[in-house]
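The values are calculated or read from the model by the stated rules, or taken from the named source; none is laboratory data. A quick note: this is a predicted structure, and the numbers were derived from the prediction, not measured. Neighbour counts are summed over all protein chains in view; Cβ atoms, including those assigned to glycine, are modelled from backbone coordinates with ideal geometry. Ligands, DNA and RNA are excluded from the accessible area calculation, which covers all protein heavy atoms including side chains. Shrake-Rupley method; radii C 1.70, N 1.55, O 1.52, S 1.80 Å.
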Amino acid sequence: MIGATQLLSRPLNPHGPQIVTNGLVTRLESFDQGYTSSTTQWDDLSGNNNHFTKTGNVTLTDVNGTDMWYFHGGYFNFKRPSDNANNGYGVFNLDNFTIEIWVNYVHKYATLATPWLWSYDYVQHSSPHYAQYVRINNYDNTSFGGYNSGSGGAGSVYGGNWYQLVTTRVGGTTRRGKTYVNGAVVNASANSTRELITATGYQQEAWIGRGNYGSYGGAYTSFLKGYIGIFRFYNREITASEVLQNYNENKASFGLT
């Protein structure tokens, strides 16, 4: 781990990576921002000022020359610029969206762990529970799922590896979602018949790296243990070719081919 006063990242490329920007609401990329490890805010590069604030144990760590956030008992929460409220209402409560996360998680670090990568939900674990989430599913930690969006199939992911995970939603009368792992669609057949609920906005927390139940280190936890390098949120369903475009632009930073 790098010391608190040492600059970790390289300067921003003035041209930026050739990622998809149409509909990009929030763009968090830990390895492009010149952070020090004492930084408490994850800056939004989309231009929308949707910054996230660090809470608890999340540290910037040099992973093979690339700076990544390591989650080990902490998370990031959203503070809305207009009033500093800790909720995602008016930003993330959308009928159409795409969530893209680049993650490397620790496999089964707790007996009943289902690591949460994204959660837009109530602080208390009470109905209606969640507007959105993306998490590592099942206690074997070999699939990922999105509530109110597409859900990845079992055997899609495994701890100790980097992945680009993408889940999408299309609203209206159809209300369907899709999921992708490393640029390729997964669980297509099941998602084609997976009925999603009507999207409803609530004054709710928006978190990266935790859900609203359990505690870090216990047997039953929703806290992530592992790394996140990128989080992106779009206000539309991006296409399969756009998912692959993002994958190809960033894969080298994560040692993927």
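Based on Cα coordinates alone, diagonalise the gyration tensor for segment 150-221, multiply each eigenvalue by 5, take square roots, and list the semi-axes in whole Å, largest first.
24, 21, 11
Taking 0.36 nm per residue of separation and subtracting the Cα-Cα distance, what length does fully extending Ala190 through Asn49 add? Working shown, then result.
Numbers: separation 141, 0.36 × 141 = 50.76 nm, distance 3.60 nm.
Net length gain for the segment: 47.2 nm.
Report the gain in length on full extension from Asn57 to Lys108: 0.36 nm times residue separation, minus Cα-Cα distance, nm rounded to one decimal.
Extra length available between Asn57 and Lys108 comes to 16.5 nm.
Identify which of Asn182, Asn64, Asn191 has the largest mean-square fluctuation in a Gaussian network model of the chain, with springs joining Cα atoms closer than 10 Å.
Highest fluctuation among the options: Asn64.
Would you mind computing, in nm to one decimal, how far apart the modelled labels at Ala252 and Tyr89 are, each placed 7 Å from Cα along Cα→Cβ?
For Ala252 paired with Tyr89, the spin-label model returns 4.5 nm.
Restricting to Cα pairs below 8 Å that are 6+ residues apart, what does the relative contact order work out to for the chain? Please round to a whole percent.
Over the chain, the number comes to 25 percent.
Comparing Asn148, Asn246, Asn22, which has the greatest mean-square fluctuation in the GNM of the chain with Cα pairs linked when under 10 Å apart?
Among Asn148, Asn246, Asn22, the largest mean-square fluctuation in the Gaussian network model of the chain belongs to Asn22.
In segment 220-256, whose amide N lies under 12 Å from the spot 7 Å out along Cα-to-Cβ of Asn96? List them in ranges.
Within reach of a label on Asn96, which here means backbone N under 12 Å from a point 7 Å along Cα→Cβ, segment 220-256 contributes 235-239.
Computing the accessible area with a 1.4 Å probe over protein heavy atoms, can you report the carbon and sulfur percentage for the chain?
Working: 5040 of 10390 Å².
So the carbon and sulfur contribution to the accessible surface is 49 percent.
Within 10 Å, Cβ to Cβ, of Glu195, how many net charges do the neighbouring residues add up to if Lys/Arg are +1 and Asp/Glu are -1?
+3
Distance cut-off 20 Å, Cα to Cα: go down the list Lys79/Lys251; Lys54/Lys225; Lys79/Lys178 and report the pairs above it.
Lys79/Lys251; Lys79/Lys178
At 1.4 Å probe radius, can you tell me the per residue accessible area of the chain in Å²?
Numbers: 10390 Å² over 257 residues.
Accessible area per residue: 40 Å².
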